[in-house]
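Only one structure is covered here, and it is reproduced in the block below.
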Amino acid sequence: MTAGRTTVYVPGDAAAVSVGADDVAAALGRHPELDLVRTGSRGMLWLEPLVEVDSERGRIGLSAFAPDGTMLSAETLLSIGSAAATAPAVGEHAAYSLGVGRVEDHPFLARQTRVTCARLGIVDPTSEQDYAAHGGWVGLRRALTMAPAAVVEEVVSSGLRGRGGAGFPTGLKWRTVAGAEPGLRFVCANADEGDSGTFADRMLMEGDPFALLEGMAICAWAVGATEGFIYVRSEYPHAIAAMRKAIAAARAAGWLGTHVHGSALSFDVEVRVGAGAYICGEETSMLESLEGRRGEVRAKPPIPALSGLFGRPTVVNNVLTLATVPAILADGGERYAAHGTDRSRGTQAFQLGGNVRHGGLVELDFGITVRELVEDIGGGTRSGRPIRAVQVGGPLGAYLPAKLLDVPLTYEAMAEAGFMLGHGGVVVFDDTVDLGRMARFAMEFCAKESCGKCTPCRIGSQRGVETLDRILADRAHPGPAHAAGLSLLTDLCTTMERGSLCAMGGLTPMPVRSALTHFPEDFGLDSAATPGGRP
Amino acid sequence: MTGTRDERVREIVTRYAAHRGPLLPALHAVQEDLGWIDRDDAAVIADVLNLSKADVHGVVTFYADFRDAAATRHTVSVCRGEACQAVGGQELYERSVSRFATIDDVTVTEVFCLGNCALGPSAQLDGRLHGRLSDDRVSALTQGWS
C-alpha cells in the first residue's frame, strides 16, 4: 500500500462476475486514490460481489450492493481504509456490511480449516510474486531437494485421497507410475468439473492457479514425468484464461520449462479445453479426448497409471488433489494427516449450493455431518422453507432425506450408509422438490451424456426415462401397470449397476434408488414402503 | 483473410499438426475462426492430421460444442443442473425456450452446470455468465433482442 492510496480487492471469480463484480471493478478502478486488485473469491458466494478494503484492522469486507441495489462508493471504501484501528468495523456502512467486518473473522470463514484453499480470495491470481509471497513454491523447492521416491512417500504418509470422487490413495497411484515402464510419462489434471453442485476446481483455478501448477510440478518430479495437461471444461472460460496466464507467468519465473530453477526437473504444462461432454470427466474418457478421439471410456485394466495417455504411464488427478500437494510437501505429510478421521485424512473442500441461504466453499477437516454443513454453516434453505432433501456427490450421488442428515461426511461413513461423498458437492432442496421428477432427470442426464460405449448405460438410461414417465403419469392412481413399472425400474437399476463400464452408468441408479427408497410418496407409493431395496 | 474455406481450414489445422493429440484444439480453432465446422471440412482436417475422414466426423459429432452451421446472433444457455433446479432453473429454462421461440436470432440451449451452483439459477447470455436470474432480469438483459 502506497501512502495516501488505498488498496481495494474485487473478485474476478466467475461466480462473483455473474452477479456484477466486473461492473463494480470498473467503477472503483476509475477512482484516482484507489488501487484495484482482482482476486479470486473467498467462497462466501451469497455475499458476492464481496469487496475488501485494506485498513489498519486488516482487510474489511463489504457487499458491493446494498439491498436496494445501490453500489458501494469509492468514498465509503476510502473512509474505511483511512479509519483508525479503534473505529467500529462497520458502523454507518451497515447497508453494505451484511455483518462483514474483518473478512477472516466472519463466522463462515472462521470455523473453516483452509489448507488447499488457503490463498483463495487473498492473492492476485495473475501474480507469481504474490503467490511466492504467500507461501507459494515452498513445497516444490523442498521436493526438488529430495529423491523422487521420498516425495512419493511423503504424499503416501499424508493419507491424501483423490478428490475427484473415487477417493483412490494419491501416493499409491504415484508409486505405481514411478515404478512403471521407463520413458515418457504424463501428469494430467482433471479439471472437467461437470458435476452439478461442484465448483471448487473452478474457484481454485481462477483464484490460485499457481497452486495447481506447483502440485503438478511436484508430481512430475516424483513420478518422472516431463509433460502435463490440464483438461478444463469449455463451460469454464474464466478458469481457462486464468490457467493460461499462470502457465506463462510460471514459465517466465522459471518454475516450468527445462531445468526448473537449476534442478534436474524439466516439465511443462498445456491447457486443453473440453467440448461440452460430461463423460470426459471420467479419467479414461478424458485421456481419449486428450488424444483427439471421441470421449468414450476405456475398459480397465490396463489402468492409466501403467498405460494412460498415448499408452504411456500417466498420473490423472483432480485439481484439488494436485493443489493440495504443495502444502503437504511444505509442511510434511504427517501434519496433513493430523486433519480428518480414520481413513479420510486431511481436509475436504465442500461446495454448498442449490437452495441454501449461505452457499459457497467450505473447507473443513473430514467428519462434519451433512446437517451441520447445511444447517449451521449453510443457514438452511434460501427460500426459508424446510429442507426436504440434500443431494451429496453430484448427479450420481444419493438424495438424503431430512431425517438422515446426521451422517458424517467421510469416505467410510458415506459408503457405509450407501451414499458417496464424490467431489464434495452438497445441493440443498426445500419441500417443494418433486423427487420423482429428480429421479427422471437423473436418467435423462445419463441418457444425454452417456458416451454410448456400453449398452446398460446407453440403452438402460433411455428405458429408465420412459419407465419413469409411465410411473409418474400413473402415480395419482397406481394400478398393476404402475407396480410393473416400478419392478422394471429396479431391474434396470441393477443391470446398470452391474453391467456398466464406468461410474456414469454404474452410479446413475444411486439418485434414482435413493429417491425411491426415501421419498416413495413421490412415486405414488405408500410412504412406509421401501421399493428401492437399498439407498 | 483470403482464400477458399478449404485453404483457411488447412492453414488453421496445420498450426496444430505438430501437437500431441491435435484434433480437439484444431477443431476449436476452426470453429473460433470460421464460425462453425462444416461437414466438408472433415476431409481437409483428416488430410492435414493424417486421420481418416470417419475419425474426424466421429469426433466432431460426439461433442456438443461443435456446430455445423453459424451461430445465431444471440445465445441463451440455461443451466438445468440439479443445483439450479433447486432454485427454479428448470422453469427458467422452459420459460426461456418459449420466450425466444419466435425469434430467429436467438438460440436457447440447455447446459448441465456452469459451476455457479450457490448463485442459481444461472445462464450464459451471449457467452456471459449470469447468476440469481429471474424472469425480470432476463428481460432486462435481453432488451432489444427481438
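Bridge orientation summary for the protein assembly as shown: considering DSSP beta bridges with both residues in this region, about 50 percent are antiparallel. Along region A:203-220 the Karplus relation, 6.51 cos²θ - 1.76 cosθ + 1.60 evaluated at θ = phi - 60°, assigns HN-Hα couplings of 4, 5, 5, 7, x, 8, x, 5, 4, 5, 5, 5, x, 5, 5, 5, 4, 4 Hz to successive residues, with x for each Gly and Pro.
Using a 10 Å cut-off on Cβ atoms, rank the peptides A:358-366, B:23-31 from the highest mean neighbour count down. Write down the numbers at each step before the final one.
Details: A:358-366: 24.7, B:23-31: 21.9.
My ranking of the peptides, most packed first, is A:358-366, B:23-31.
Derived scalar couplings between HN and Hα for region A:230-235 equal 10, 9, 9, 5, 5, 6 Hz in order, rounded to whole Hz, by the Karplus curve 6.51 cos²θ - 1.76 cosθ + 1.60 (θ = phi - 60°), x for Gly and Pro. Using a cutoff of 8 angstrom between alpha carbon atoms and counting only pairs six or more residues apart, the relative contact order for chain A works out to 13 percent.
Taking other residues whose beta carbon is less than 15 angstrom from the beta carbon of A:Glu181, and scoring Lys, Arg as +1 and Asp, Glu as -1, yields +3. Across region A:128-337, Cα pairs under 8 Å and at least six residues apart give a relative contact order of 33 percent.
Taking beta carbons within 10 Å but only from partner chains, what does the mean come to for residues A:15-22?
Details: counts 9, 3, 5, 14, 7, 3, 0, 1.
Neighbouring Cβ atoms belonging to other protein chains average 5 per residue here.
Once backbone amide H atoms are built at 1.01 Å from N, A:Arg163 has A:Asn318, A:Thr321 as its partners under 5 Å, excluding neighbours fewer than 5 places away on the same chain. Other residues lying with their Cβ under 14 Å from the Cβ of A:Ser18 contribute a combined charge of -3, Lys and Arg counting +1, Asp and Glu -1. Computed from the Cβ-Cβ distance with R0 of 60 Å, the FRET efficiency linking A:Asp406 to B:Ala69 stands at 0.70.
What does the charge add up to near A:Arg142, with Lys and Arg as +1, Asp and Glu as -1, over the other residues with Cβ less than 10 Å from its Cβ?
Working: positive: A:Arg141; negative: A:Glu154, A:Asp331.
Result for the neighbourhood of A:Arg142: -1.
The stretch between A:Thr455 and A:Thr113 holds 118.7 nm of extra length on full extension. This uses 0.36 nm per residue minus the Cα-Cα distance. Distance between the C-alpha centres of region A:382-452 and region A:150-197: 26 Å, rounded to the whole angstrom. Between A:Arg385 and A:Glu521, the simple spin-label model (points 7 angstrom out along Cα→Cβ) gives 1.3 nm.
For B:123-132, what's the mean count of beta carbons from other chains sitting within 10 Å of each residue's beta carbon?
Values: counts 1, 3, 0, 0, 1, 4, 9, 4, 9, 6.
That average works out to 4.
A Förster radius of 30 Å, combined with the Cβ-Cβ distance separating B:Glu91 from A:Ala481, puts the computed FRET efficiency at roughly 0.50.
Between A:Arg102 and A:Arg141, the FRET efficiency from the beta-carbon distance, with R0 = 30 Å, is close to 0.45.
I'd like the projected area of region A:128-337, averaged over all directions, using the convex hull of its alpha carbons. Report it in nm² with one decimal. Intermediate values should be presented prior to the final figure.
Details: hull surface 41.8 nm².
For region A:128-337, averaging the hull's shadow over all directions gives 10.4 nm².
The distance between label points at A:Arg251 and B:Ser146 comes to 4.9 nm (points 7 Å beyond Cα on the Cα→Cβ vector).
Can you give the average number of partner chain beta-carbon atoms within 10 Å of each beta-carbon in peptide A:198-209, as a whole number? Don't skip to the end; give the middle numbers.
Values: counts 5, 8, 1, 1, 3, 1, 0, 0, 1, 0, 0, 0.
Mean partner-chain Cβ count within 10 Å for A:198-209: 2.
Remark: region A:153-164, residue by residue, has Karplus-estimated 3J(HN,Hα) of 5, 4, 5, 4, 5, 6, x, 4, 10, x, 8, x Hz, where x stands for each Gly or Pro and the curve is 6.51 cos²θ - 1.76 cosθ + 1.60 at θ = phi - 60°.
Between amide H atoms placed 1.01 Å from N, distances below 5 Å from A:Leu409 occur with A:Gly367, A:Ile368, A:Thr369, A:Val370, all of them 5 or more places distant or on a separate chain.
Here's how it looks for A:Thr7: its modeled amide H is under 5 Å from those of A:Asp35, A:Asp54, which are all 5 or more places away or on a different chain.
I need B:Lys53, A:Lys453, A:Lys403 ordered by Cβ neighbour count within 10 Å, fewest first. Walk me through the numbers before you get to the answer.
Numbers: B:Lys53 13, A:Lys453 20, A:Lys403 8.
With the sparsest Cβ surroundings first, the list reads A:Lys403, B:Lys53, A:Lys453.
Apply the a/c threshold of 1.5 to the C-alpha gyration tensor of chain A and tell me whether it is rounded, prolate or oblate. It is oblate, given that a/c is not under 1.5 and a/b is not larger than b/c. Gain on full extension, evaluated as 0.36 nm per residue between A:Arg5 and A:Ala150 minus their Cα-Cα distance, stands at 47.5 nm. Counting beta carbons within 10 Å around each of A:Val19, A:Val407 and listing the fewest first gives the order A:Val407, A:Val19.
Note on B:Thr109 and B:Leu34: their simple-model spin labels are 1.8 nm apart, each label 7 Å out from Cα toward Cβ. Can you give me the Cα centroid spacing of region B:99-140 and region A:323-371 in angstrom? Spelled out, the Cα-based centre of one part sits 32 Å from the other.
Readers should treat all values here as calculations from the given coordinates under stated rules, not as data from a laboratory. No experiment lies behind these values; they were computed from the predicted model shown. In this analysis, Cβ positions are derived from the backbone assuming ideal geometry, glycine residues included, and neighbour counts consider all displayed protein chains.
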